[in-house]
Structure formats: C-alpha cells, structure tokens
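J.: I'd like to ask you about the structure that follows.
Read the figures in this text as sums done on the coordinates, not as results from a lab. Because the structure is predicted, anything quoted here is derived from the model rather than measured.
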Ligand code: GLU
C-alpha cells in the first residue's frame, strides 16, 4: 500500500533516568505499529533538560532498547537542533503569538488555579503577565508564553484513547491549560515547542506515546496551527501502574529495564508480562 509505506514514527525518550516497564510497553507498541505499516522509526534523544539529562542515561537507553529488540533507522538529538527551535520561536514572535513572562516559580505555584491530577504537567497559568502588546523581540534571559484563546475547545481523535476535548484559557474556570511556556530564559525551547518542530522536521506521520501527554497534544496542535505545520496522527498508550496503582516513573528503580534484565528476565517473559 502506498499510504502505509510512508509511515514514519518515533521513539522520544529523555535521558533523565533509566527506562522502565512503561517505556518498554510504549516503545514496543510504537515498533509494532511501524512494522505493521511497513514504515520506519526515528530515535529522538530529548536531552534539553540540562539539569537532569545525563550522557550515561543516553547510552543506557540505547542499550535497553536494543535489548528489547527495538531498532530504528535514523537518529536525532535535540541539543543539536537549537537553530531550528530559534527559527520557529522567531516565527511565533513575528506572528504576535507570544509574550514575555516574568513570573517566578513561586508566583506560578501560588497562582495555580487548582491542584493538578497530572503532577508532571505545568499548572494552569493565571495570565498575570498577559499584556496588551505581544512580544516583538526574542530577548535573552526571558521566558515566553504562547497566548491561547480563552474558552477555546481543542479537539482531536486519538487512535488509542478516542475523541479528546480540552478547554484552554487563563481566566476560565474549567480550563485544562492556560498560556503555556514555549521559550525558557536559559535560551532553550520548552518541550512543547521542540516537539512540534522536530515532529515536523522528521515528517512524523504517527506519534505513539503515553497517555500522560494527551493534554500536551492539545497544546501541540495549537502550536502546529500557529506555525503552519502538519499535524500527525496520535496514538496515546495506556499508562502502566505499579501494584499500588501508582503510575510508573523513572524513580521506580525496581521496575527499570536495567534491573529487570540483570535479574535474568527474558524479553519473551517481559513481553508476556506487558501482554504484548
Ligand atoms: N521525552 C518525553 C518523555 O520521555 C516523550 C515526549 C514525546 O513522546 O513527545 O516522556
């Protein structure tokens, strides 16, 4: 089939810890879907978190992926792509879609509208730094936010999770996210901006990732529209939980692929445990 031969997927781990069972499940599904469509996969090293990214984790994630039998055809490292992110950011500035935000971490926490069930997600921003005039310049040492339309629904159909609908806005009671960070004062793009720029540059046709990122997808759709980029399909896998119902995160060392592998588990046993 000509359409399926164009399938391009990606694995996008962050080298901030050891990969765990949840990553294994998501990445094995990504590989299955790419194979089923006769497509290819990229490995994207999401190493922009300068505080937490470590070269040894980047090596470990490659080893763990190879052990799982996952292969990819091309690689990209986000820290090599800073000029592309800056160009996209300049485009948002020129289009008047962003503003400078001087809120501190403390301001943001106290401005948090409601406790968030998704602790990884940024708090809904209350719009404190929204100004009449958008930014005209990309200055050094400043955070920038993308301005959303208050009360606008963002909808998409996820191939795994079904129809999705999120409401954006800063001053809206039932908002899922407010104006969100696109550029950080350390001169780096936020995850949301880097992700859409890279997915477009890699010609990704389908994004397979965990369900914790559904709300990020809504933000990414807004950025794609603002930058005139194509939107890929999305397949958000169910998250894995430990025996206490807690979502697996990198701090659960006992469930890291490394620990499991060293304990002698085979890939076949692991796949059976993941029901794949
Ligand atoms: N690097 C992100 C993570 O490890 C995944 C981002 C994505 O797939 O878009 O959670």
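J.: Using only DSSP helix segments of four residues or longer, with each worth -39500 (n - 2.57), what per-residue ellipticity at 222 nm results for the chain after dividing by its residue count and rounding to 500? Each step should come with its number before you reach the end.
T.: On the way: 8 runs with 86 residues, N = 276.
That calculation yields -9500 deg cm²/dmol at 222 nm.
J.: For helix 191-201, report the angle its Cα long axis makes with the longest principal axis of the Cα atoms of the chain; keep it between 0 and 90° and round to the nearest 10°.
T.: Approximately 70 degrees, to the nearest 10.
J.: Okay, moving on. What does DSSP give for the chain in terms of the percent of beta bridges that are antiparallel, rounded to the nearest 5?
T.: On the way: 17 of 31 bridges.
The antiparallel proportion sits near 55 percent.
J.: To the nearest Å, what is the center-to-center distance of the range 40-93 and the range 171-234, using C-alpha atoms only?
T.: 16 Å
J.: What angle, in degrees between 0 and 90 and rounded to the nearest 10, separates the Cα long axis of helix 21-36 from the longest principal axis of the Cα atoms of the chain?
T.: The angle comes out at about 80 degrees.
J.: How tilted is helix 82-94 with respect to the longest principal axis of the chain? Cα atoms for both, answer in degrees (0 to 90, nearest 10).
T.: Rounded to the nearest ten degrees, it is 30.
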